[in-house]
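Since every read-out is calculated from the coordinates, none of them should be taken as a lab result. Small disclaimer: the values here were computed from a predicted structure and weren't measured. Because the Cβ atoms are built from the backbone with ideal geometry, glycine has one as well, and the counts that use them run over all protein chains shown.
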Amino acid sequence: MTDVLQPPITIAGDDQPQGHDEHHGPTGILKWMTTTDHKIIGLSYTVTSVLMLVIGGLFAEIIRFQLTAPNNSLVSLAQYNELFTMHGSVMIYLFAGPFAFGGLANIIVPIQIGAPDMAFPRLNALSYWLYLTGAITMLAGFFTAGGAANFGWVAYAPLSNSINTPGTGADLWIGGLLLTGFSAIFTGVNLTATIFYLRAPGMTMFRMPIFTWNMLVTGILILLAFPVLTAGLVMLYCDRHFGTHIFSVSGGGVPVLWQHIFWFWGHPEVYILALPFFGMATEIIPVFSRKPVFGYKGMVFATLSIAALSLGVWAHHMFTTGVVLLPFFSIMSLLIAVPTGIKIFNWIGTMWRGQIWFSTAMLMAIGFVVTFLIGGLTGIYLASPPLDFFTHDTYFVVAHFHSVVMALVLGGMGGLYYWGPKITGYLLNERLGKIQFWFLFLGTQVFTFPQYLLGLRGMPRRVPIYPHDPEWKMLNEWSTVGAVMIGISTIVFVVNVGVSWKKHPAGDNPWDGHTLEWFTTSPPPHHNFYRLPQIRSERPTWDYHHPEHRSLGHGTHADEMHSLVGDGFEGHTS
Amino acid sequence: MKVEAKLLLGLGLFFGLMCAVYWNWSLENAGGVMMFAGMLLGFLPGAYFYWWSRRMPVRPEDDPYATQAQGAGVVGSFPGTSIWPFVLGMGAFFVVLALVFGIWFLVPGLALVTWAALGGTAEGRRGGHV
């Protein structure tokens, strides 16, 4: 145990001037185009995906304004189809996933495990270019004569064939998705290889931060799911242009096969989206509760169980097709509630009796837990076939998954407030951050709750107009109010980035963090570390800065280190 | 290495069990085949890791008492700046545009891909500025 107190070993070498990376190499736009540094690539990913969040959010606002009045004519029916298709596509394919595994994970995971870079830096750069060109390809549909894709983000056959959806917008959608799909696969390869092979000495698998664990499982899920989507897209393209009949009845094909393929990717994708944000919350909550994470191994096994079960739940999106095995998929879907419940229990257990610092990042993480709980609980209703038959394709489903994904936005914003100072070297404004949090959190609830009620009253999704009914109108108006609040929160965030730009230097460790990224400088140097501390627990930086409260060594009982159980006395914190 | 192997083998085992239950119960082939492939995704790399974990000494990152000094030396070779990922990405972009706008887009697309393949190979393992 004494070796925890040893001074950190310099790994850059004394003869190397610190910060030598800036001396040679291209600058400006050429630096951006030729970089293989995971931090710059990750920042490019983050900026691009936040831009996609803004674009997808604008589509959402237009959709909500169209739905404010029963027979509104803000947009035409055809435009409305394009808008909800591209809103879903942009948010799922171009924002949520790339933001998490291409953006924050790309920057943070190598630093958290003490690695100099990702395992395959050039492949990492290629991932970004495929993602960027994929995004451009998909959005280019708006500039074609026929408009963008308009068959919903799920592209169900036979609606997506060349007779029902002719035009280049749909093909651009397929092409863009092929590119972003490959970008995701390469990032999955990179994350998995980095975590398996580039950990620092002493960073055993069960000492990795939970965020890194979740990104490892996300990487494995990407490798499992995305190739299926790519194969399905190739089949869809062949059906549209080469005269095959894989998804059309006329030539002996099976339309529902597309749903099987799509959702075999689509449901693991839900966890590919969610797990990184679970990880962000699990990093933020312990740091701002001044405690180690409660139930570390439980968290890891919960993540693994979610990943394992996610392979067997895809057809719960297809209950109403009448051709799927209802009991199997219902049981599997309900089972996922168990590990997810363990996670929520552990988040609360981490905060319990801790000394909570309500910073913006912590508020966002708590908002994430609350909102995700609402989305998760309504998901349990939908896992039951009789209830799903009643609510399928209504606004109840829309509200359910918007609770989930808005929880992810809250978690992601928490991640930006938490790691932003590490990435840029400057703190974000806390006052504006808290304003943003309350708009985002309350806006999300005002946005989704009326939609739950609308769904139970039978309002179908994907309709631009609805019958005159005072109650429906009132509920839709409230939902629009929520959407506007969410929009305001995004504006506050952009203003905050502008206001805080290079104002308040963060220092290496502004939050008194636990994991290795808080040991290096902000922003980290080329190849991330000049020196590393001894790693004897899952929070090496904390152990180094607080040797008197260091984490448990092997074979030590919690009773021997009272400070770890969070007794709430002032004297036991830093 | 052992934890990595167990992790992947465990996932493969679980997917295999689910595949057997699902396929025998539902008699639906698409999902059965995909779950079988999922099982292989666990078993193939898992077996590779297991094979190596029995043959190589414990790595410093698997040793709970390792010191940072044990990790000294070359961790790996990390390339410096390189333009070839960008060129390859643009090549892939044009190839995809050929799917939409016409076969002639393949000409710049495949030219860029070939150029990037040649350039990237010539650049070697440590290209550009390190």
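Structural remarks
- Near-label residues of segment A:186-203 by backbone N, under 12 Å of a point 7 Å along Cα→Cβ of residue B:70: A:200-203
- Within segment A:230-283, the chymotrypsin sites (Phe, Trp or Tyr not before Pro) that combine a DSSP coil assignment with at most 11 other C-beta atoms in a 10 angstrom radius are A:242.
- For chain A, the relative contact order is 18 percent, taking Cα pairs closer than 8 Å that sit 6 or more residues apart in sequence and dividing their mean separation by the residue count.
- Average other protein chain Cβ within 10 Å of Cβ, residues B:63-73: 6
- Set A:291/A:422; A:343/A:503; A:434/A:502; A:39/B:6; A:343/A:422; A:343/A:473 screened for pairs whose C-alpha atoms are more than 29 Å apart: A:343/A:503; A:39/B:6; A:343/A:473
- Nonlocal amide H pairs with residue A:532, under 5 Å, H built at 1.01 Å: A:9, A:11
- Counts of other chain beta carbons within 10 angstrom of each beta carbon in peptide A:201-214 average 4.
- Under Karplus coefficients 6.51, -1.76 and 1.60, residue-wise ³J(HN,Hα) of segment A:450-459 in Hz, glycine/proline x: x, 5, 4, 5, 4, x, 5, 8, x, 6
- Protection proxy ranking for B:30-40, A:172-182, using the average of other Cβ atoms within 10 Å per residue and placing the highest first: A:172-182, B:30-40.
- Under-5 Å amide H pairs with residue A:426, H placed in peptide plane, nonlocal only: A:506
- Debye log10 I(q)/I(0) at q = 0.09, 0.10, 0.11 Å⁻¹ for the protein assembly as shown, Cα point scatterers: -0.79, -1.00, -1.22
- Take the Cα of residue B:33, step 7 Å toward its Cβ, do the same at residue A:504, and the gap between the two points is 5.8 nm.
- Proximity of backbone amide H atoms, modeled 1.01 Å from N, is registered between residue A:394 and A:461 at under 5 Å, excluding neighbours fewer than 5 places apart on the same chain.
- Structural descriptor for segment A:220-304: relative contact order 26 percent, calculated from alpha carbon pairs under 8 angstrom and at least 6 residues apart.
- Test item: B:1-14 mean partner chain Cβ contacts at 10 Å: 3
- Pairwise centroid distance, computed over Cα atoms, of segment B:25-76 with segment A:492-513, Å: 39
- Considering only A:498, A:413, A:442, the residue lying farthest towards the positive end of the dipole of segment A:390-528 is A:498, judged by Cα position with unit charges set on Cβ.
- Spatial offset of segment A:50-112 relative to segment A:346-369 amounts to 28 Å, using the alpha carbon center of each.
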